[in-house]
Amino acid sequence: MAGHAAKHDYHLVDPSPWPFVGSLGAFLLAVGAVGNMKGLVGADHPLAFMYGDGAFGGLLLGFAVVIYTMIGWWGDVIKESRRGDHTPVVDLHLRYGMIMFIASEVMFFVAWFWIFFEYAIFHEVRAGWDGATLAADFQGLGTWPPVGVETFNPWHIPLMNTLILLLSGTTVTWAHHALQHGDRKGATLGLIFTVILGVCFTSLQVVEYMEAHFAFSIADGGNLYGSAFFMATGFHGAHVVIGTIFLAVCLFRLLAGQFTPEKHFGLEAAAWYWHFVDVVWLFLFAFVYVTFG
């Protein structure tokens, strides 16, 4: 470990401002988002200072702080690696941490699949509930999708996005394999193609959302279908954006010569994350779009 004579294989990090700054950014982001959705943006509102002069002032401020935290915090991790603080033991624990993170993400998506399957499989039971509030919420759920909801054709944009993600899974694997064998040109091309495919997926999903015709009125149950659909596919889309940025950063690091065949966990972690995103989409396509669409 550089700069001190440590007698163990662990890296004890220096005091860092990033946990506090990141928490502050997340708070501003959450409050700004709620404030904008609830219309609390007037200059005469008691909490107007949280939102700024514009409609998205607080939201953009929180987002900027979060991005700044990511750049600074992850930049420190990269610096630690380059100065030799990431010993084999630390590297192993980073892998364990990434595995547990992906496992937590799996359970995150299990929740959205669970609620979608709850509506799709037991919609007739829900439609028969007699509670005054529940009867209104679940009215029209005698079928799934609810009457009046126009779903997407799974064999158009969703199929194109499926093919795009499957292809991106092969290109990121190509990039990882090429780097392991010292082929920096192949690794660079693989990452470039993967980033481009990630951008294509996000672009097509934006087009798909713009063409959505879900009815969100309580009377026909469209609010339930729309909520289940957009929460599942929307969070997946957010993960695609995050994964694309993750891979783009790896591309820049590769071009800067920071990855070697022996030491490239950043790229390996990005590849794991991207394959996770691919698998989640396959389940979304198979069940949300095709089976229950």
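The values are calculated or read from the model by the stated rules, or taken from the named source; none is laboratory data. The structure displayed is predicted, hence computed values, not measured ones. FYI the Cβ positions are ideal-geometry reconstructions off the backbone, even for glycines, and counts take in every protein chain you see. These area figures cover heavy atoms from the full protein model, side chains too; ligands, DNA and RNA do not enter into them. Shrake-Rupley method; radii C 1.70, N 1.55, O 1.52, S 1.80 Å.
For a modelled paramagnetic label at Tyr209, 7 Å from Cα along Cα-to-Cβ, the residues of segment 226-251 in reach, with backbone nitrogen under 17 Å, are 226-245.
Estimated at the nearest 10 Å², the accessible area of Phe27 is 110 Å² with a 1.4 Å probe. Here the Karplus relation 6.51 cos²θ - 1.76 cosθ + 1.60, evaluated at θ = phi - 60°, turns the backbone of segment 89-98 into coupling constants of 5, 4, 4, 5, 5, 4, 5, 4, x, 5 Hz, with x for every Gly and Pro.
Ignoring ligands, DNA and RNA, how do Arg82, Arg253, Arg184, Arg95 rank by accessible area with a 1.4 Å probe, largest first? Mind showing how you got there, number by number?
Working: Arg82 155, Arg253 40, Arg184 90, Arg95 60 Å².
My answer, sorted largest first, is Arg82, Arg184, Arg95, Arg253.
Measuring only protein heavy atoms, the 1.4 Å probe finds Leu254 accessible over about 0 Å².
Under the simplified labelling scheme, the Ala33-Arg83 pair shows an inter-label distance of 3.5 nm, with each label point 7 Å from Cα along Cα→Cβ.
For segment 160-170, the Karplus equation 6.51 cos²θ - 1.76 cosθ + 1.60, evaluated at θ = phi - 60°, returns couplings of 4, 5, 5, 5, 4, 5, 4, 5, 5, x, 6 Hz by residue, with Gly and Pro reported as x.
Multiplying the residue separation of Ile245 and Met160 by 0.36 nm and removing their Cα-Cα distance gives an extension gain of 28.5 nm. Listed values for segment 180-193 are Karplus-derived 3J(HN,Hα) couplings in whole Hz (6.51 cos²θ - 1.76 cosθ + 1.60, θ = phi - 60°), namely 4, 9, x, 8, 5, 5, x, 5, 5, 5, x, 5, 4, 4, and x replaces Gly and Pro.
Order Cys250, Cys200, most accessible first, counting only protein heavy atoms with a 1.4 angstrom probe. Write out the running numbers ahead of the final one.
Working: Cys250 5, Cys200 55 Å².
I get Cys200, Cys250, largest accessible area first.
For Phe265, Phe235, the ranking by accessible surface with the largest value first comes to Phe235, Phe265, using a 1.4 Å probe.
Counting heavy atoms of the protein chains alone, Glu211 has an accessible area of about 100 Å² for a 1.4 Å probe.
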